[in-house]
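Please read the structure below before turning to the comments.
Read-outs throughout are calculated quantities, based only on the coordinates presented, and are distinct from any laboratory measurement. Quantities reported herein were computed from a predicted structural model and do not represent experimental measurements.
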Amino acid sequence: AQKVTQAQTEISVVEKEDVTLDCVYETRDTTYYLFWYKQPPSGELVFLIRRNSFDEQNEISGRYSWNFQKSTSSFNFTITASQVVDSAVYFCALSEARPGANSKLTFGKGITLSVRP
Amino acid sequence: KAGVTQTPRYLIKTRGQQVTLSCSPISGHRSVSWYQQTPGQGLQFLFEYFSETQRNKGNFPGRFSGRQFSNSRSEMNVSTLELGDSALYLCASSRGQVATEAFFGQGTRLTVV
């Protein structure tokens, strides 16, 4: 069975601080996908990134960066120079990657990030 | 291109009633998944449809059902509503064969009184 753990529940930072959101996952699959989604107060889940299990190259996109470490089953997300608009709930998710598999996402409980001016 | 559209946005129903929620996926997407989000349980997978066939089902009672039409639009139905069914119901669409990025609608907020 798949499981995603986001041990942090709430994080509060002051604008311009860097913040890292932790994600640890469990799966028996040898190939899988990892995701991060953002949920602003409007409710819609906004896709941020997808990583394949066979690609451990870390990625930077603007103020966002992701650190994928298969050895520790972690997929952490860092926001550099946080802004008030980053305030939202952030979800880490996991799914199978084999052909023919369904698109079911297993989500963590989410981390509520508050960025204060 | 248009995103995922869910209707209605808000619903208030009475215990024992039934409800139908609708989801129109992004054009060209053949997979539609449904999730229930509650403060206590978080985001839980309900079911997924691909090309009108249910491909996977989560651990929910039979009161929760769904279907997908030939144009990929999907509906989910909850019968004999209980107070605990109050939740945000989110629909996600994706291209299908393997888990690509799923795009979510804004959800339907169901309140059962």
HN-Hα J in Hz across segment A:23-30 - Karplus 6.51, -1.76, 1.60, θ = phi - 60°, x for Gly and Pro: 8, 10, 10, 10, 7, 9, 5, 8
Qualifying lysines (Cα of each under 26 Å from Cα of A:Lys109; at least 8 residues distant if same chain): A:Lys3, A:Lys16, A:Lys38, A:Lys70, B:Lys57
Expected-Rg normalisation [2.2 N^0.38 Å, Cα atoms] applied to chain A: 1.04
Cα centroid separation, segment B:57-95 to segment A:48-107 (Å): 26 Å
Computed Rg/Rh of the protein assembly as shown, alpha carbon atoms with Kirkwood Rh: 0.97
Segment B:21-88 - Rg (one decimal) and Dmax (whole number), Cα, Å: 12.1, 36
